[in-house]
2 protein chains.
Amino acid sequence: MFNKEAFDAGNVRSYIREVFEYGRAQAKIVGPENVFDYSLGNPSIPAPKQVNEGIKRILDTEDSIKVHGYTSAPGYDEVRESIAKNLTDRMGMTIRPENIFVTCGAAPALISVLRALQVEDSEIIAVAPYFVEYKPFTTAAGHKFVVVPPDTEHFQVNIEELAKVITEHTQGIILNSPNNPSGAVLTEETLKKVAALLAERSAQYGHPIYIIADEPYRELVYDGLKVPFIPSLYANTIICYSWSKSLSLPGERIGYVCVPDCVEDGEDIFKAVAGAARLAGHTCAPSLIQRIVGECCPIMPDLEAYDVNRKLLYRGLTEIGYKCVRPDGAFYLTVAAPGGDAFAFAEKCKAKNLLIVPTNPFGLPGYFRLSYCVSKEMIERSLPVFKEVFEA
Amino acid sequence: MFNKEAFDAGNVRSYIREVFEYGRAQAKIVGPENVFDYSLGNPSIPAPKQVNEGIKRILDTEDSIKVHGYTSAPGYDEVRESIAKNLTDRMGMTIRPENIFVTCGAAPALISVLRALQVEDSEIIAVAPYFVEYKPFTTAAGHKFVVVPPDTEHFQVNIEELAKVITEHTQGIILNSPNNPSGAVLTEETLKKVAALLAERSAQYGHPIYIIADEPYRELVYDGLKVPFIPSLYANTIICYSWSKSLSLPGERIGYVCVPDCVEDGEDIFKAVAGAARLAGHTCAPSLIQRIVGECCPIMPDLEAYDVNRKLLYRGLTEIGYKCVRPDGAFYLTVAAPGGDAFAFAEKCKAKNLLIVPTNPFGLPGYFRLSYCVSKEMIERSLPVFKEVFEA
């Protein structure tokens, strides 16, 4: 006498978490220096010092009742202004505070948007490889979840395959760039092709097909690469963001939905997002940390440590003989599993305390993900183990 | 081409918020000392000093990456242990850490429980007067929302009316004690009657009918009154809690679901709650504030200021001739509207910058709510205005 879907969602064990727990247990036996844990996407660069300084300054100088008091449902006015100004300054498009709905992180943002777009028989498309939670979030919101097979050469979007799966019921497509798990950044060329196809099909079916841009890694790119601002290329784009990675605040659960003015029926979509957030309990995001991201959103992360890791790991694995696409963003590297069976290979690695994540649940069988938000020393120590399992 | 239910939920204006905004605007015109705002339930007692001290100590002494890092989905182990220990120490029942799922406040807790209990044709009962969001939360979770008419004499539960509305489809009844908006505390006598009725009907229909105890005001009671711990009186009780009021942290969004061991199918219900929380994006509650409530949950609020207000307001209004039930808990007083039309009376008050909230949307027409989490001076200044509108 309880909900089957909810029970099933709560009854699964996460492979990532199991591997992580295994690593913690092994560390006690063989020593932490002999466990090579690439499982979790927890930032290894600390939050900028302005975060903790800002928290302490607010606590020391402001009225505690106000500091910890309820915010407006979509967020503090001044926080929304600050976020909008930062986007306007950087993205070459005017974003107003009224376009911003602050949420408890990217998952609530995405869930609210998915719920807002749900209509009868609606479908949402994700491009493999995709973040594993997209599927349960999409189906729980009442949509059919449709997958575009991966482009394993460049991890862009396979346009021919995308064209095949768009139907009159397609409400949106989730794009995640920089991508978890591949680290790929969608190029302007790719996005223009996607935009042209969506525009054509929107016209054909007589309703907008939205891009839902899930962008928690937007600020994590290397080699001076610029991530295209998708609303500039395709008007009907709704952005979901989180400061989990850019400000290294994953535990603090703070992000936003942005519905730019260029979105068709944008004001109504915003209201539907606000209503979905209300019905799911995602209004009035945490007050103190809201203030902090309002202050700190212009701060760009110092990615030096991730970049060093990225190059070291990519070079090291490629030299051994692993096949991987060089990642341009995020802190993930996706690698083809030698032998083709990612779970079997992961088991082999696990026996050597090398903890990797098969990307089968991300819609990418035969590969594994490495989160390189780890210490450089761990990568250096792990390379001989990678060599050993590769040659075994 | 967007979700109608979500749009409608986002398109409503909140009467409470409108009144509050009106008060802010009027304050600029007539001066803040001439606006008497009883609209919002924002605590006026600051958080205990241990809250801000704890935040600063953690920031000063701990690794920032860990402090702001992801927590486990149901919350940090040590936080769940602390909450469980505190409940065990105070409530005379053993609560284990595994019974606790930490959430971003009471609304996510309630929403997760409602979703977990949803089955085909299921119904959830609320007792009027009830918190206005129960209805949208319940219907959005897929249940029918069923209301027990108010007991306007003592604001307990009208058992005869409750007996009439329980059906074989009843999955649960939400009890909110101390109550928003009445301030009433359900007595042990009332709860035993409810328990007996639910036990009888559970046996008759062959499945448990759960009490969902929404208890953000549990620690806010006066005159040394003890709030009964409902699981001790009725085994199938699931608790939703928030520290918004007891630690004066409404903006920080932190609370929990507790599924005690005595709950039938408790482990499965817990999994369903965890899954519902996952599907709605309510896992991994904010990390820093989780630590703080873990530390501060044994601290009882100093209610002196609320108690002074309660007595002053109750005595003042009663002397004027208003009819109100003396509240035992929370920081609300519910008053019968002179003339019987609460909205008409609220308009009369508004013209004098006296801002009150008709309880019609709480399932209690003809009454209004006063939130007395305000300054004592405001109450004193407002009493002549209450007299004026009463006599007009």
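The numbers here are math on the coordinates, done by the rules we state, and not lab data. This one's a predicted model, so the numbers in the text were calculated from it and none came from an experiment. When we count neighbours, we look across all protein chains shown, and the Cβ atoms used for this are built from the backbone with ideal geometry, even at glycine.
Brief remarks follow.
- Residue within region A:123-134 that is among the charged types (D, E, K, R) and buried (at least 24 other Cβ atoms within 10 Å of the Cβ) present: no
- Within region B:22-58, restricting attention to residues that are in a helix (DSSP H, G or I) and within 10 Å of another protein chain (Cβ to nearest Cβ), the residue that is surrounded by the fewest Cβ atoms within 10 Å (Cβ to Cβ) is B:49.
- If you go through region B:299-346 and keep only what is touching a Phe, Trp or Tyr at 6+ places or on another chain (Cβ under 8 Å) and aromatic (Phe, Trp, Tyr), you end up with B:306, B:322, B:331, B:332, B:345.
- Members of region B:255-274 found to be closer than 22 Å to residue B:329 by Cβ and either within 8 Å of chain A (Cβ to nearest Cβ) or hydroxyl-bearing (Ser, Thr, Tyr) (or both), listed by number: B:256
- Going through (1) facing chain A (nearest Cβ under 8 Å); (2) under 26 Å from the mean Cα position of the chain (by Cα) one by one, residue B:102 falls short only on (1).
- Whichever residue in region B:64-84 is farther than 16 Å from residue B:286 by Cβ and surrounded by fewer than 17 Cβ atoms within 10 Å (Cβ to Cβ) and, among such residues, is nearest to the other protein chains (Cβ to nearest Cβ): B:77
- Selection of first residues in region A:314-332 that are crowded, with 20+ Cβ neighbours inside 10 Å and of second residues that are assigned to a helix (DSSP H, G or I), restricted to Cβ pairs under 6 Å at least 6 apart or on distinct chains, gives the following pairs, ordered by first then second residue: A:331/A:306.
- When the strands (runs of 3 or more DSSP E) confined to region B:123-229 are screened for residues that are touching a Gly at 6+ places or on another chain (Cβ under 9 Å), those reaching at least 1 such residues are found at B:123-127, B:144-148, B:210-214.
- The residue pairs whose first member lies in region B:125-149 and is more than 14 Å from chain A (Cβ to nearest Cβ), whose second member is in a helix (DSSP H, G or I) and among the β-branched types (Val, Ile, Thr), and whose beta carbons are closer than 7 Å, counting only pairs six or more residues apart or on different chains, are B:125/B:165; B:146/B:165; B:148/B:165.
- Scanning region B:365-384 for residues that are touching a Phe, Trp or Tyr at 6+ places or on another chain (Cβ under 9 Å), basic (Lys, Arg) and within 14 Å of residue B:314 (Cα to Cα) returns a single hit, B:369.
- Odd one out for residue A:284, checked against (1) within 12 Å of chain B (Cβ to nearest Cβ); (2) in contact with a helix residue (DSSP H, G or I) (Cβ under 6 Å, 6 or more places away or on another chain); (3) crowded, with 24+ Cβ neighbours inside 10 Å: (2)
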